[in-house]
Amino acid sequence: MAQQAFGAMSAVQIQEGLKAKDFSAAEVARGALDGIAAADGQVHSFLQVTEDLALEAAARVDDALAAGTFDELGPLAGVPVGFKDNMNLVGTRTTCSSRMLAGYESPYTATCVQRCLDAGALPMGKLNMDEFAFGSSTETSAFGPTRNPWDLGRVPGGSSGGSAAAVAAGLVPVTLGSDTGGSIRQPASFCGVVGVKPTYGMVSRYGVVAFGSSLDQVGPFSRTVADAALAMNAIAGRDPLDCTSQPNGLDFTASLEAGVEGMRIGIVPEFMDAPGLTPEVRERIQEAAAKLEAEGAQLVDVSLPNAKAAMSAYYVLGPCEAFSNLARFDSVRYGYCDPGHKDLNAQYDASRAAGFGEEARRRIMLGSYLLSAGVYEKYYYPAQQVRTLITQDYTRAFEQVDCILTPVAPRTAFEFGEIGDPTEMYLSDMFTISINIAGNGGMSVPVGLGSDTGLPIGAQVIAPAFQDDRMTRVAAALERIYGQASVAPGFADGKAGE
């Protein structure tokens, strides 16, 4: 088969081929490794490729195929999977794309990663990201940016840019990312793939390096809704090592064929009229809503009056939690240590200044200020109050509708260096941040290309808390209308970006 054939196949197709004995799991692993070697030099989605781990996992799958126990392995059996580099995996480095952790070896395996392995996944490696997940473009990575397979001169989004780009380039069918304010959904939209941010607590955060502990959630990228549902079946559920995780009784694949007839889909006028929303994105979201209506759904206008304050609340809560979480990187226990300092405070200062990039330092300093005496009463407490108001807005909205449909990002992927103002960069997440604050699940599903740029656009489907199967149901209906996401044109058929 062509070098990239296995990475460009869906998880469902790979599993069907394994059952039919069209190929072995070892061939799948080797083919995906060859595809990464051939094409990732142009995309730079992988920071570390785990050949030995992938081949060892493939051998276990082949043994199960020979023994007739393949169906017992789990929902990701034989599927190549990549992991964002803030997720620990024994045998790999976990760098968070930061100089601070450049040589850090994972001492244990994150629960979400372990559940993929337990479900039979073939671990292909660790994926590039914005440093410590601080960013919307993957430009802040200390190891160089990831490029968007649809246009190598444009960003893939962030912070899970490597996870999105690897799927869009056909290197692997499934990856995991993390989402604190849009870091799965926005790169999924920019790269034209499916991206799921589950309800907070649906997936364990144990072993994932924290950015904002009350906001972070792990979820999958894929090119099909069915593959995303398989991945969610593998990783969701209660974990005794994460007290915020909850039991999961959902089968995410159960309602994929149910359609949307009779469903009430919410449209948020404040989002559709938002400043900065480009005409081509608005056009695609309106079109997607109309197509759902034609399939039997009822469109209902719902108001989220406090969502306009979500950005302000997020950039108080997020930096405060980041400041707390990153305090552990003190150059003594672990992390970069600047040499030649006899004074401990001087060593702290020099190590953290050199180990953290510009955006990380910006958020650490902002969080330090916001939590300082005389300041946190003015900002942190009101931000928590806004969080309550936003959560109540969503609760009221879901009394009227089953799901909500919105844009994911105000525009398509932008060029490298195009956005230099941090505030303008933060606006990339203007439609995604509110559900991290409220805790609801949301996902991006491709709804075609922009009429002006010709680049992918995603629609965001938002569901009530812990009813995430509703959004996969709506996303599957949209996928039947628009077709499954394709590998980026320059990377299709093993062309490796030519």
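For a protection proxy built on the mean count of beta-carbon atoms within 10 angstrom, sort 40-47, 81-88 highest first, please.
Numbers: 40-47: 21.6, 81-88: 29.9.
Taking the mean over residues of other Cβ atoms within 10 Å, the ranking is 81-88, 40-47.
Note on the chain: dipole from Cβ charges, positive end direction compared against 74, 244, 416; the farthest Cα belongs to 244.
Averaging over every viewing direction, what projected area does the convex hull of the Cα atoms of segment 251-340 cover, in nm²? If you can, show how the numbers build up before the last one.
On the way: hull surface 45.7 nm².
In nm², the orientation-averaged hull projection of segment 251-340 is 11.4.
Provide, for q = 0.14 Å⁻¹, the log10 of I(q)/I(0) from a solvent-free Debye sum over equal Cα point scatterers in segment 171-229. So the normalised log intensities are -0.35. About its Cα centre, the dipole of segment 49-111 is roughly 420 debye, where the only charges are +1 on Lys and Arg Cβ and -1 on Asp and Glu Cβ.
Our note on the geometry: Cα centres of segment 91-122 and segment 314-336, 19 Å apart. Would you mind estimating how fast segment 154-294 diffuses translationally, via Stokes-Einstein at 25 °C and 0.890 mPa s with the Kirkwood radius over Cα pairs, in µm²/s? The Stokes-Einstein estimate is 149 µm²/s.
Just need the Rg to Rh number for segment 431-479, please, alpha carbons only, Kirkwood Rh. Reported Rg/Rh, Kirkwood definition of Rh: 1.05. Its Cα centre serving as origin, the chain has a Cβ charge dipole (Lys and Arg +1, Asp and Glu -1) of approximately 760 debye. Note on residue 84: lysines with a C-alpha under 23 Å away, same-chain residues under 8 apart excluded, are 126, 197.
Think of segment 266-363 as having a plus end and a minus end, set by charges on the Cβ of Lys, Arg, Asp and Glu; of 317, 271, 350, 350 sits farthest toward the positive end of this dipole. What fraction of the DSSP beta bridges in the chain is antiparallel, stated in percent and rounded to the nearest 5? Bridges in the chain are about 65 percent antiparallel. Based on the Stokes-Einstein relation at 25 °C and a viscosity of 0.890 mPa s, and on the Kirkwood radius from alpha carbon pairs, segment 409-498 is assigned a translational diffusion coefficient of 161 µm²/s. If you find the alpha carbon centre of segment 281-304 and of segment 387-461, how far apart are they in angstrom? Result: 15 Å between the Cα centres.
Between the DSSP loop rule and a limit of at most 13 other Cβ atoms within 10 Å, which trypsin sites (Lys or Arg not before Pro) in segment 302-407 are left? Walk me through the numbers before you get to the answer.
Details: sites: 308, 328, 333, 342, 352, 361, 362, 363, 378, 387, 396; in loops: 328, 333, 342.
Those satisfying the criteria are 328, 333, 342.
Contact order, relative form, for the chain: 18 percent (alpha carbon pairs under 8 Å, 6 or more residues apart, mean separation divided by residue count). Note on residue 378: lysines with a C-alpha under 27 Å away, same-chain residues under 8 apart excluded, are 308.
Within the full protein context, the accessible area of residue 104 is estimated at about 60 Å² for a probe radius of 1.4 Å. How many angstrom lie between the Cα centre of segment 187-207 and the Cα centre of segment 32-59? Segment 187-207 and segment 32-59 have Cα centres spaced 22 Å from each other. Taking a cut-off of 15 Å between Cα atoms, list the aspartates and glutamates near residue 19, but don't count ones fewer than 8 places away on the same chain. Filter leaves 27, 62, 63, 71, 72. In summary, the convex hull built on the alpha carbon positions of segment 1-111 has an orientation-averaged projected area of 7.5 nm². Rolled with a 1.4 Å probe across the full set of protein chains, the surface gives residue 416 an accessible area near 70 Å². Taking the helices alone, the chain has a mean residue ellipticity at 222 nm of -12000 deg cm²/dmol, built from -39,500 (n - 2.57) per DSSP H run of at least 4 residues and averaged over all its residues.
In the calculated pair distance distribution of segment 311-456, what percentage of Cα-Cα distances lie above 27 Å? I get 43 percent for the Cα pairs in segment 311-456 exceeding 27 Å.
The values are calculated or read from the model by the stated rules, or taken from the named source; none is laboratory data. Every value quoted in this text rests on a predicted model; they were computed, and no experiment measured them. Positions of Cβ are backbone-derived with ideal geometry, glycine not excepted, and every protein chain shown enters the neighbour counts. What goes into the accessible areas is simple: the full protein's heavy atoms, side chains included, and nothing from ligands, DNA or RNA. Shrake-Rupley method; radii C 1.70, N 1.55, O 1.52, S 1.80 Å.
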